[in-house]
Amino acid sequence: PRAVDVVGTLVAVDQVTISSEADGKVSRILADLGDRVTAGQVLIKLDQEKQQYTYEQQQAVLARTLAQYGASDPKQLPDIEKTPDVQKANADLVQATQAFDRANELFKRTLISRQALDDAQAALQSARAGYDAALQKAKDLRASIKGSEASMKLAGRELRDTDIRAPFDGYVEKRLVNLGELVKAQMPVMAVVRLTPLKVIAEIPEKMAPWIAVDRPVSLQVDAYRDRTFAGTVSRISPAVNASTRAFPFEALVPNPDT
């Protein structure tokens with residue numbers, strides 16, 4: 001067996017600076033330096049009064065539009081022809097059509113005047129125009145419902161964004177805001193690192209590169225624990241040599257079960 005001794009750097013596999021996605025004042029800080037956190041855990045809460053008002057306003061707009069359309073659930077909208085206004089306009093059109101047909105038959109038998117027939121025809125045209133207008137209004141309301149629903153979802157997302165959460169299991173590396181501080185969107189608020197597994201970054205001399213392959217075992221020693229040896233495996237190898245050092249960069253993963 002051949003062994004290659006190299007000096008590397010031990011780093012976290014995942015390390016992220018979390019930024020706020022909403023504007024607001026920090027109302028609560030639920031995690032601090034060194035705290036263990038889990039994915040989805042709320043780290044910082046922002047004041048959400050304005051976002052709550054906006055969300056409720058969008059809810060009311062959607063409810064009003066649904067009521068005008070004659071529905072209660074945006075996921076189960078009735079067909080346009082079955083909305084109350086269109087059904088009423090259709091009934092009026094049917095009635096006007098029947099009235100015109102009767103008037104036309106009576107006119108042919110010279111039982112009514114030409115003026116009565118013209119009045120029946122005008123009523124039919126008015127009813128047909130009313131039906132077309134009701135159809136168009138229903139189409140507009142259907143589009144408004146989709147727009148209102150999207151606005152409500154966006155307002156709900158902005159409301160949820162006032163809770164700043166951990167993206168993965170790990171530890172708080174740094175807290176960047178204070179209680180009562182006003183933060184803006186994209187402003188960094190906290191840094192979180194994942195400490196299991198750990199990643200070793202090092203370089204292997206060019207002449208020894210053929211000995212190294214992915215999944216090859218790695219034994220690791222650190223100054224903090226001189227009497228212990230940690231086992232890991234090679235996870236990645238660069239396909240290109242570093243021109244200045246004549247070495248190939250590589251990475252290895254080392255389990256860290258004590259975290």
Completion exercise
Taking only the alpha-carbon atoms of the range 4-82, the convex hull volume per residue, in cubic angstrom, is 208
Fill in the blank from the handout: Expressed as a percent, the accessible surface of the range 156-211 that is carbon or sulfur, using a 1.4 Å probe and the full set of protein chains, is 54
Handout entry: Percent RCO, i.e. relative contact order, over the range 125-219, from Cα pairs under 8 Å lying at least 6 residues apart
Key = 20
Handout entry: Karplus (6.51, -1.76, 1.60) ³J(HN,Hα), θ = phi - 60°, over the range 246-258, in Hz, Gly and Pro reported as x
Key = 6, 9, 9, x, 8, 10, 9, 9, 10, x, 9, x, 6
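What number does the range 36-133 give for Rg over Rh if you use C-alpha atoms and the Kirkwood radius? Write down the numbers at each step before the final one.
Numbers: Rg = 26.5 Å, Rh = 18.2 Å.
Expressed as Rg/Rh, it is 1.46.
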Completion exercise
Counting only residues 5 or more apart in sequence or on a different chain, those whose built amide H sits under 5 Å from that of Val189 are Ile18, Ser19, Ser20
Exercise for the section: Write out the GluC sites (Glu not before Pro) in the range 170-248 meeting two conditions: DSSP loop, and at most 15 other Cβ atoms within 10 Å of their Cβ. Expected result: Glu181
Fill in the blank from the handout: Using eta = 0.692 mPa s and T = 37 °C, Stokes-Einstein with Kirkwood Rh from Cα pairs puts D for the range 179-247, in µm² s⁻¹, at 206
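Rounded to the nearest 500 deg cm²/dmol, what is the calculated helix-only ellipticity per residue at 222 nm for the chain, with -39500 (n - 2.57) per DSSP H run of length n ≥ 4?
On the way: 3 runs with 93 residues, N = 259.
When only DSSP H runs of four or more count, the value is -13000 deg cm²/dmol.
Just to be sure I follow the definition: excluding the sites themselves, where is the longest run in the chain that has none of the trypsin sites (Lys or Arg not before Pro) in a DSSP loop with at most 10 other Cβ atoms within 10 Å? Before the final figure, lay out each step's value.
Details: sites that count: Arg2, Lys75, Arg109, Lys184.
By the stated rule (loop sites, at most 10 other Cβ atoms within 10 Å), 185-259.
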Handout entry: Karplus-derived 3J(HN,Hα), 6.51/-1.76/1.60, for each residue of the range 133-138, Hz, glycine and proline x
Key = 5, 5, 4, 5, 4, 5
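Roll a 1.4 Å probe over the protein chains and send me the accessible area per residue for the chain in Å².
On the way: 16410 Å² over 259 residues.
With all protein chains present, the chain gives 63 Å² per residue.
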Handout entry: Sequence-separation-based contact order of the range 1-64, relative, with Cα cut under 8 Å and 6+ spacing, percent
Key = 27
Practice task
Quick one: order Ser219, Ser126 from most to least accessible surface, probe 1.4 Å.
Solution key: Ser219, Ser126
Practice task
Apply the Debye scattering formula to the chain, with a single equal point scatterer on each alpha-carbon and no solvent, then give log10 I(q)/I(0) at q = 0.11 Å⁻¹.
Solution key: -0.84
Completion exercise
Helix 84-108 sits off the longest principal axis of the Cα atoms of the chain, rounded to the nearest 10 on a 0 to 90 degree scale, by 30
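Tally Lys and Arg at +1 and Asp and Glu at -1 over the other residues with C-beta under 14 Å from the C-beta of Phe100: what net charge comes out? Before the final figure, lay out each step's value.
Values: positive: Arg102, Lys108, Arg114, Arg128; negative: Asp92, Asp101, Glu105, Asp118, Asp119.
Value of the local net charge: -1.
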Problem - the range 72-203: radius of gyration and largest Cα-Cα distance (Dmax), Å - result: 32.5, 107
Exercise for the section: Compute the convex hull volume of the Cα atoms of the range 121-259, divide it by the residue count, and report the result per residue in Å³ as a whole number. Expected result: 297
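The values are calculated or read from the model by the stated rules, or taken from the named source; none is laboratory data. Keep in mind that what you see is a predicted model, and the values were worked out from it rather than measured. FYI the Cβ positions are ideal-geometry reconstructions off the backbone, even for glycines, and counts take in every protein chain you see. Side chains are part of the model used for accessible areas, which takes the heavy atoms of the whole protein and leaves out ligands, DNA and RNA. Shrake-Rupley method; radii C 1.70, N 1.55, O 1.52, S 1.80 Å.
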